[in-house]
Ligand SMILES: [Zn+2]
């Protein structure tokens, strides 16, 4: 901290500069932009890092990770935010492409941060599907270290260093499971940073989040889509996410390009197309919500890819301009970021 000496006719005062000049800031970084379980060109799986702080700590007093796809650990290290510095991790839903990086992240924390602190894992409580299965974030957390416990690897590590937690990385997770509500409700708070959530449609237990800070606000839509699983309907976007986004500065949202639609020629399964929000409809939604920026992530298809998994892209690989023009077609007049791994946005700009 640089202290400042102010002098006036009554004498001199030593003023800590953080309390006088440090301006609050919010930093949003996409830690992974791959859409769905396929791999393409080394892209990491879904995730967004949201950081709040001030000029003097480079917006890193509070570090929140939303979703933890494959490769999140590596992207966080590139974003100069080691896994051990995360205060809380939030999951939008239990699909593996949004969660599979967590085991790696927690194992790293177990190796070098067993003394704590624990990390909050904020997610939906157990959700029963009408088809009979149950999606459970709590069980996922409880069993996060199981393969390495069962293989004996953890016992071997503990024999070398008994300062690590004997129960493995699950002991470092503090699960904050909540029952998603239909209207936004607060689910986590630290100082001036408030996170709220709303239940939204994709798979059972899917939720979307909003972070409010003195430097601005950001919505993490996840893979949300419309309540009606297919047309006829006004839009592919989520009414719940739209309500959550009202007046937000930034919306980060998974998207699918209209080129994958059943009216084109990709052969992409219509039910999967219809359960995502199209880039065009997200442009309309962001405009209605009054957002200043829209960050597209979880791009289906990835930029430049000739195929999405086994499905060919009609007309060949898409460019950033193809996604931007789809958003502008929806009427959005704000800033568009077509996400790549480590794309970031800082507020205030
Ligand atoms: Zn999903």
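The values are calculated or read from the model by the stated rules, or taken from the named source; none is laboratory data. Since the structure is predicted, the reported quantities are computational estimates derived from the model, not experimental observations. Virtual Cβ from ideal backbone geometry, glycine too; neighbours counted across all protein chains shown.
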Taking first residues from the stretch 151-162 that are assigned to a helix (DSSP H, G or I) and second residues anywhere that are surrounded by 10 or more Cβ atoms within 10 Å (Cβ to Cβ), the pairs with Cβ under 6 Å that are 6 or more apart or on different chains are 154/148; 154/168; 158/164
Does residue 228 fit the bill of being under 30 Å from residue 22 (Cβ atoms) and surrounded by fewer than 23 Cβ atoms within 10 Å (Cβ to Cβ)? no
Based on what the data block shows, is residue 67 modelled with pLDDT of 95 or more, in contact with a helix residue (DSSP H, G or I) (Cβ under 6 Å, 6 or more places away or on another chain) and either more than 30 Å from residue 318 (Cα to Cα) or more than 16 Å from the ligand (Cβ to nearest atom) (or both)? no
Residue 80, sole failed condition from (1) over 14 Å from residue 298 (Cβ atoms); (2) in contact with a helix residue (DSSP H, G or I) (Cβ under 9 Å, 6 or more places away or on another chain): (2)
Give the number of residues within the stretch 203-234 that are within 16 Å of the ligand (Cβ to nearest atom) and on the phi > 0 side of the Ramachandran plot. 2
Quick check on residue 328: is it more than 16 Å from the ligand (Cβ to nearest atom), under 24 Å from the mean Cα position of the chain (by Cα), touching a residue at least 40 places away in the same chain (Cβ under 8 Å) and part of a helix (DSSP H, G or I)? yes
Filtered residues of the stretch 30-58 (kept if surrounded by fewer than 23 Cβ atoms within 10 Å (Cβ to Cβ), out of contact with any helix residue (DSSP H, G or I) (no Cβ under 6 Å at 6 or more places or on another chain) and more than 24 Å from residue 323 (Cβ to Cβ)): 53, 54, 55, 57, 58
Condition first: within 22 Å of residue 94 (Cα to Cα) and assigned to a strand (DSSP E or B). Can you find one or more residues in the stretch 268-283 that meet it? yes
